[in-house]
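Participant: Have a look at the structure that comes next, please.
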Amino acid sequence: MGFFKSFFSGKPDNPMAEQEKARQKNFDIFKYDGMRAQRMGRVDYAIKCFTEALALHDDFETRNYLAQAYTQANQPEEARKQLEQMARMEPEHTATFLALANTCYMLEDYPAMAEAAKKAIVLEEGNAMAHYLLGKADNGQGDGLMCIAHLTQAITLKEDFTEARLLRAEALAKMHQYKEAQEDLEAILAQEPDEENALLLRGQIAEATQDFTKAEADYRHITEVNPFNEQAFACLGRLYIAQNQLPEAIALLDEAIELNPGSPVLYHERGRAKLLNGDKDGSMEDLKKELELNPKEAERLNGQYDNQKPLVQERDILGL
């Protein structure tokens, strides 16, 4: 009787159920519109859709999509809030803590990054990425020994972990453990001969140990593999300047700037080379261009390039 009464009156038997059904339908529309927008690169619209969906129904998966969208939109603090909420919703979900650790890294909050990585390790001891992120957090806090220890654990779990080997090599190089650092770099380059970061660090180690020929070869290799790698050109230019090969440095940096016209560091190095070569006017032109591209440098530079760090044989690896 209730069914027929509802049917003929046009009124639902259970208004609450109908409201919930409508709410779920709207939630699905917002969620899947957000997913489509995210795939199309419309991150701003995706954020609005996911936010509307979550106002209707708190859903772990939708929060994850929203956290990703905030990360894509370069809003890591907002992404962090979503990930922290997800961690409260499902505290056994390892991937959430890994994502949270990465987000804290973007925010340079290394203690929070370490905490998130440790929680991931408690949940999954054999997760190489969690140990790597913990090592990365140690590095951010200036704890080289613990950084190396945790990265070693990551590499033990995943021998071909390039990022972990590279970071361990950097940590070892900072401690002037060049032989051990080179072993990691050679392992990387045996698998990926054109790995630019490994080649760059190997060149910097060679430069720091006065092997300028090897340093030049590694920097040259990078510029041949990727002529838009401004860091390799800058290192090679500094190497020539350190050896008083000023015309060679200027010619190299002319080429580099032609390929990378928006690089302030290349104008800086060419300006320094020109000044040392007696071309004060040319040096000032490069300084002006550098400051146009990077106005913050105006507070640090004095126009004479004499507030630069010492040349490579007197400075720490990577300029740190």
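The values are calculated or read from the model by the stated rules, or taken from the named source; none is laboratory data. Keep in mind that what you see is a predicted model, and the values were worked out from it rather than measured. Cβ placement follows ideal geometry from the backbone for every residue including glycine, while neighbour counts extend to all protein chains displayed. Each accessible area value is taken on the protein alone, full model and side chains, heavy atoms only, with ligands, DNA and RNA left out. Shrake-Rupley method; radii C 1.70, N 1.55, O 1.52, S 1.80 Å.
Participant: Which one of ALA130, ALA67, ALA55 has the biggest mean-square fluctuation once the chain is modelled by GNM with Cα springs under 10 Å?
Facilitator: It is ALA55.
Participant: Something else: So, for the chain, what is the accessible surface per residue at a probe of 1.4 Å, expressed in square angstrom?
Facilitator: Value for the chain: 54 Å² per residue.
Participant: Can you give me the % of accessible surface on the chain that is carbon or sulfur? Probe 1.4 Å, all protein chains present, nothing else counted. Display every interim value, and only then the final one.
Facilitator: Numbers: 8780 of 17370 Å².
Carbon plus sulfur share of accessible area: 51 percent.
Participant: Here is a follow-up. Describe numerically, in nm with one decimal, the distance between label points set 7 Å from Cα along Cα→Cβ at GLU20 and at ASN244.
Facilitator: Result for the modelled spin labels: 8.5 nm.
Participant: Can I ask one more? Give me the distance in nm between label points sitting 7 Å out from Cα along the Cα-to-Cβ direction at GLN141 and ASP59, one decimal.
Facilitator: The modelled label-to-label distance comes out at 3.8 nm.
Participant: Given Cβ point charges of +1 (Lys, Arg) and -1 (Asp, Glu) and nothing else, what value in debye, to the nearest 20, does the dipole of the chain about its Cα centre take?
Facilitator: 1200
Participant: A further question on this structure: Could you check which residue among GLN24, GLN72, GLN210 shows the biggest mean-square fluctuation in a GNM of the chain with a 10 Å Cα cutoff?
Facilitator: Highest fluctuation among the options: GLN24.
Participant: Also, I was wondering about something else. Contact order normalised by length for region 53-123, with contacts defined as Cα pairs under 8 Å and 6 or more residues apart; what percent is it?
Facilitator: 24
Participant: Now for a separate question. Give me the orientation-averaged projected area of the Cα convex hull of the chain, in nm², one decimal.
Facilitator: Over every viewing direction, the Cα hull of the chain projects on average to 22.5 nm².
Participant: Near HIS221, within a Cβ-to-Cβ distance under 10 Å, what is the net charge of the other residues, with Lys and Arg +1 and Asp and Glu -1?
Facilitator: -3
Participant: Here's a follow-up. Choose one answer from GLY41, GLY203, GLY135: the residue with the largest mean-square fluctuation in a GNM of the chain with alpha-carbon springs under 10 Å.
Facilitator: Taking springs between Cα atoms under 10 Å, the residue moving most is GLY41.
Participant: I've got another one for you. Report the percentage of all Cα-Cα pairs in region 1-131 whose separation exceeds 19 Å, rounded to a whole percent.
Facilitator: Counting every Cα pair in region 1-131, those more than 19 Å apart make up 58 percent.
Participant: Please report the net charge: other residues with Cβ closer than 11 Å to the Cβ of LYS48, K and R +1, D and E -1.
Facilitator: In short, -2.
Participant: On full extension of the chain, what length is gained from TYR32 through GLU124, given 0.36 nm per residue of separation minus the C-alpha to C-alpha distance? Write out the running numbers ahead of the final one.
Facilitator: Working: separation 92, 0.36 × 92 = 33.12 nm, distance 3.14 nm.
Contour length minus Cα-Cα distance gives 30.0 nm.
Participant: Are there chymotrypsin sites (Phe, Trp or Tyr not before Pro) in region 214-275 that DSSP marks as loop and that have at most 15 other Cβ atoms within 10 Å, and which are they?
Facilitator: Details: sites: TYR219, PHE228, PHE233, TYR240, TYR267; in loops: PHE228.
Passing both the DSSP loop test and the Cβ count: PHE228.
Participant: Mind checking which of ALA249, LEU145, LEU189 is farthest towards the positive end of the chain's charge dipole, using Cβ charges of +1 (Lys, Arg) and -1 (Asp, Glu) about the Cα centre?
Facilitator: The residue sitting farthest along the positive end of the dipole is LEU145.
Participant: How high is the relative contact order of the chain, in percent, counting Cα pairs under 8 Å that sit 6 or more residues apart?
Facilitator: 7
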